[in-house]
Amino acid sequence: MIFAIEEINNSTELLPGIKLGYQIYDSCGSVPVAVHVAFQLSNGLDPVFYTGDNCSQSGMVMAVVGESGSSPSISISRITGPFNIPQVSHFATCACLSDKQQYPNFFRTVPSDQFQADALAKLVKHFGWTWIGAVRSDSDYGNNGMASFLDAAHREGICVEYSESFFRNHPRSRIQRVADVIRRSTAMVVVAFTSPGDLRILLEELSLKPFPPRQWIGSEAWVTDPDMLRFSFCAGAIGFGIQKSGIPGLRDFLLDLSPSKVAASPVLTEFWEDAFNCRLEKSEKVFLMFTRG
């Protein structure tokens, strides 16, 4: 985000004569945290957002970029919408957000889940799987996405043995019940419309007891997550992914960051250690980077 804003501010073509200021917040995937931030933004958190010489306005939020999740995005839109503050999300895919009566100021750069639900139903039919199970995140993303999929599946002549919902902070007994439904089922195909965090909890529960292998069909949110490969019974999961592209200049921008700037940011520290396979350690005066392997 910082890279994109600096690219815009340094360009003479993108937004000539306009400088963008910003505040960046981490919602931690939490609706209450997202709501708290939305109220802060709506009430004018700081008197000045951009302190450069060419700043012509201050203290007024012109737009919100985010959230990545559908439920937090819905909550933010409910708060900022009455103030006519535009909201643009890069990853909130719930089909419900296409309702301009409810969310007139919400926009996104990613397709609605309606397209994915229809495609998943056609994928299942293509392989001749007419008897399936279904699990979903108990969230706006999961519930709306699965509802769209089940409608599409019905039109394709696909029968559903069970449809279960769960959320990562539900009691373990709830997760165990969903896992037991999958183990006892006769359907050998499971369609999962979940977030990565939710599915990870379910797969960890399933891995505790051996059960007949299942073919997993995944929504884009988790089926492209490399962390899922550690569950061997999901190695054959299939689904659809959103087309990705390289961002010119981003790599150089990240490589030019000094170790002191990286170490000062927990987010950048986590990114560096993962991307460059290193460990960044901070002492009182010195920053050291150790490379493994």
**Asked** What are the residues in the range 136-184 that are surrounded by fewer than 19 Cβ atoms within 10 Å (Cβ to Cβ), over 26 Å from the mean Cα position of the chain (by Cα) and assigned to a loop (DSSP other than H, G, I, E, B), if any?
**Response** Glu156, Gly157
**Fill in**
Checked the range 173-187 for anything closer than 27 Å to Cys94 by Cα and either in contact with a Leu (Cβ under 8 Å, 6 or more places away or on another chain) or at pLDDT below 95 (or both); matches are Ile175, Val178, Ala179, Ile182
**Prompt:** Looking at Ser89, is it buried (at least 18 other Cβ atoms within 10 Å of the Cβ), modelled with pLDDT of 95 or more and within 26 Å of Pro32 (Cβ to Cβ)?
**Reply:** yes
**Request:** Please indicate, with yes or no, whether at least one residue in the range 6-29 is polar (S, T, N, Q), modelled with pLDDT of 90 or more, farther than 20 Å from Phe83 by Cα and part of a helix (DSSP H, G or I).
**Result:** yes
**Prompt:** Out of all the residues in the range 21-38, which are farther than 21 Å from Phe167 by Cβ and touching a Ser or Thr at 6+ places or on another chain (Cβ under 9 Å)?
**Reply:** Gly21, Val37, Ala38
**Fill in**
Residues in the range 228-253 that are at pLDDT below 85 and under 22 Å from Phe3 (Cα atoms) total 3
**Item:** Filter result (over 21 Å from Ser185 (Cα atoms) and among the aliphatic types (A, V, I, L, M)) within the range 124-166
**Value:** Ala152
**Request:** Might you let me know whether the range 200-213 holds any residue that is surrounded by fewer than 16 Cβ atoms within 10 Å (Cβ to Cβ), at pLDDT 90 or above and within 25 Å of Lys122 (Cβ to Cβ)?
**Result:** no
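Residue-wise test of (1) surrounded by 13 or more Cβ atoms within 10 Å (Cβ to Cβ); (2) touching a helix residue (DSSP H, G or I) at 6+ places or on another chain (Cβ under 6 Å); (3) among the polar types (S, T, N, Q).
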| position | (1), (2), (3) |
| --- | --- |
| Glu6 | yes, no, no |
| Asn10 | no, no, yes |
| Pro16 | no, no, no |
| Gly21 | yes, no, no |
| Gly29 | yes, no, no |
| Val33 | yes, no, no |
| Ser42 | yes, yes, yes |
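The values are calculated or read from the model by the stated rules, or taken from the named source; none is laboratory data. On a predicted model such as this, the values are computed, not experimentally measured, just so you know. Neighbour counts are summed over all protein chains in view; Cβ atoms, including those assigned to glycine, are modelled from backbone coordinates with ideal geometry.
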